[in-house]
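A short reminder: the numbers here are calculations on the coordinates, not readings from a lab. Computed from a prediction, not measured in an experiment: that's the story for all the values here. Positions of Cβ are backbone-derived with ideal geometry, glycine not excepted, and every protein chain shown enters the neighbour counts.
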Amino acid sequence: MTKIIGIDAYAVHVPRLYVDMANEWPVIRAPQLGEESPEKLRGKVMSGVGLRKMAVPDGHEDAATMAAMAAKRLIDESGIDPADIETLAIGTETTVDQSKSMAAYVLGMLETHYGKNLQHVGTPQVQFACIGATYALEAAVNQLRAGENKRPYSIVIATDISKYPLRSAGEYTQGAGAVALLICENPRLLELEPGITGTVTRNERDFFRPNWSSTAVVDGKYSIDVYLDCIEGALSEYSARSRARRNGSAPSSIYGELDHLLFHVPFPRMAEYAAARVFATLWETDPAFAPVLHEVRATLDSPDDRRELQRRLVKTEAFKTEFERRIAPSLELSREIGNVYSGSLYLAFASLVEQAATQGLELQGQRVLFCSYGSGASAKVFSGRVAPRWREVATRVRYGEELRTVADGGRRVEIDVAEYERLHGHVEVGSDAAIIGPPRSVVPPRGEFVLARLGETTTPKLTDYGYRYYAFTA
Ligand SMILES: CC(C)(COP(=O)(O)OP(=O)(O)OC[C@H]1O[C@@H](n2cnc3c(N)ncnc32)[C@H](O)[C@@H]1OP(=O)(O)O)[C@@H](O)C(=O)NCCC(=O)NCCS
């Protein structure tokens, strides 16, 4: 019998600092971006793109400290013994080293913090833009299914800092954060369905980051098209495999069997574009929604104009109602944090669980579709069923509350544009330049992992030039 493997728990770490997209930022950027007025830019970012706040890492944070914070939180909240971890895998496109796996740095931080030797833990780093963590999750799950684990748990962490050049169209889709997932047999939260994942890979230039650059190069509009095409391809394979697995006994409509659809969310509005493409595909064979689709198609000058079909579809009441029910709850965290690249699909999952728990909704037994995408480009579509003990996990986390600002009695601190630009512009070390090290912190760290310093020595006795030293501040 196939083992039931899935997500037992999750933990999210978000930097405390943020830029409020409604305040000073649009006032300063509107003239620089050639926008008509701050109000127009504010409207575009908050409604057109969907972002309220953008999380910014402080001087002592990087993708590795964020990952370690998420892992520590996951371990503490789940009450597991770190010695019971088989694999700690990281999916990231913000690597801190061109050679060493970030997961080894993270393991080192956990060893120091818990006072345990964890050298038995496997520590791969998987890189493929925003889909890296999904490939890491797939490997961790398959390893468990194959019975290769000697210990009950694996941890998969998605950690990233989304960074584009200042004064570019990408700037207002930045963010930062890490999501850690606890993977095991008979999970409390989500049982992943085996044998039906759909995968697509195309060699594309929609988004990449050359080795010499700290910011991504993106062809924004093209990246949206590639995203949609790859998701559609992966969904088609997912649908075909789902039907084949049931030997033709499955109903013709895959849509009717899905309760929630989660997307990779580089910016919240992207979920609407993706939903339009996915609904337009799945509704073709759905008895309840095919008439809506055919009605919209009948209004087109050219019945093959898919872009226009999708634009009109999102305006229908049917679309709005379905979107509100099956997708909107997954976007709340993203609006408050911004793009967390490889973690954004799993942040959407956390958002769904949090929203359901706080609103007293029932998720047990519901089927969740995951649409993962990474530029460059690859997509994976897979699904899972919410497990009976999901509420046990959900009531412990409450990340919505964590996102409250200092003004509202929470922990988040708003920074002004000058401070944000200082942190954004910091370069740790030039190729032959002297080591500069981490920038000054805005909020002194307490109770967290920090990047303490970069090594500066090249002598016969010690060579650590550029090596990253991490610590935990009490
Ligand atoms: C997302 C991105 C392409 C937006 O770029 P942009 O040049 O600002 O795009 P637009 O001017 O078309 O504006 C975006 C939306 O806001 C809408 N908008 C503009 N001004 C508005 C306003 N004042 N109020 C409400 N909506 C507004 C536009 O109509 C558009 O919506 P539409 O697609 O329904 O037409 C850009 O931020 C980017 O490149 N981001 C990074 C790339 C990325 O994340 N790619 C995803 C693949 S992983």
Self-check item: Rough spin-label spacing in nm, given labels placed 7 Å along Cα→Cβ, for LEU300 and ARG325
Solution: 2.5
Quiz item: What shape does the range 402-470 take by its C-alpha gyration tensor, where a ≥ b ≥ c are the square roots of the eigenvalues and a/c under 1.5 counts as rounded, a/b above b/c as prolate, and the rest as oblate?
Solution: oblate
Exercise. Considering the convex hull of the alpha carbon atoms of the chain, report its projected area averaged over all viewing directions, in nm², one decimal.
Key: 24.1
Exercise. Report the calculated FRET efficiency for ARG367 and THR201 (r = Cβ-Cβ distance, R0 = 25 Å), to the nearest 0.05.
Key: 0.45
Quiz item: How many angstrom lie between the C-alpha centres of the range 36-115 and the range 182-235?
Solution: 18
Quiz item: Near the amide H of SER383, under 5 Å away, which other amide H atoms are found, from residues 5 or more places off or on another chain, if H is placed in the peptide plane?
Solution: GLU193, PHE370
Practice problem: Tell me the label-point distance for the pair ARG396, ASP97, using the 7 Å Cα-to-Cβ offset, in nm and rounded to one decimal. | Solution: 3.0
Exercise. Identify the residues of the range 349-389 with backbone N under 17 Å of a label point that sits 7 angstrom from the Cα of ASN186 along the Cα-to-Cβ direction, or state none.
Key: 387-389
Quiz item: Is the range 234-352 best put as rounded, prolate or oblate by its Cα gyration tensor, with a ≥ b ≥ c the root eigenvalues, rounded for a/c under 1.5, and otherwise prolate when a/b is larger than b/c, oblate when not?
Solution: oblate
Exercise. Between VAL406 and HIS120, with labels modelled 7 Å along Cα→Cβ, what's the label distance in nm to one decimal, could you check?
Key: 4.4
Exercise. Please work out the Cα center distance from the range 400-474 to the range 350-382, rounded to the nearest Å.
Key: 32
Practice problem: Set the Förster distance to 35 Å, then compute FRET efficiency between ARG453 and ASP219 from the Cβ-Cβ distance, nearest 0.05. | Solution: 0.40
Exercise. Please state the charge dipole magnitude for the chain, taken about the Cα centre, from unit charges on C-beta atoms (+1 on K and R, -1 on D and E), reported in debye and rounded to the nearest 20.
Key: 460
Practice problem: For a footprinting-style exposure proxy, rank MET102, MET21, MET66 by other Cβ within 10 Å, fewest first. | Solution: MET21, MET102, MET66
Self-check item: Computed lengthening from GLU111 to LEU462, 0.36 nm per intervening residue step minus Cα-Cα distance
Solution: 124.1 nm
Exercise. Using Cα pairs closer than 8 Å and at least 6 residues apart in sequence, work out the relative contact order for the range 5-422, in percent.
Key: 24
Quiz item: Per residue, how much space in cubic angstrom lies within the convex hull of the C-alpha atoms of the range 94-178?
Solution: 121
Quiz item: What ³J(HN,Hα) values, in whole Hz, does the Karplus curve 6.51 cos²θ - 1.76 cosθ + 1.60 give for the range 5-19 when θ = phi - 60°, with x put for Gly and Pro?
Solution: 10, x, 9, 8, 6, 9, 9, 10, 10, 10, x, 5, 6, 8, 10
Quiz prompt | Relative contact order of the range 194-247, pairs being alpha-carbon contacts under 8 Å that are 6 or more residues apart, as % | solution = 50
Quiz item: So how do 6-17, 226-237 stack up, highest first, on mean other-Cβ count within 10 Å?
Solution: 6-17, 226-237
Self-check item: Leading residue at positive end of dipole, the chain (Cβ point charges), from ILE231, SER214, PRO268
Solution: ILE231
Practice problem: Normalising by the residue count of the range 1-119, find the relative contact order in percent from Cα pairs under 8 Å and 6+ residues apart. | Solution: 26
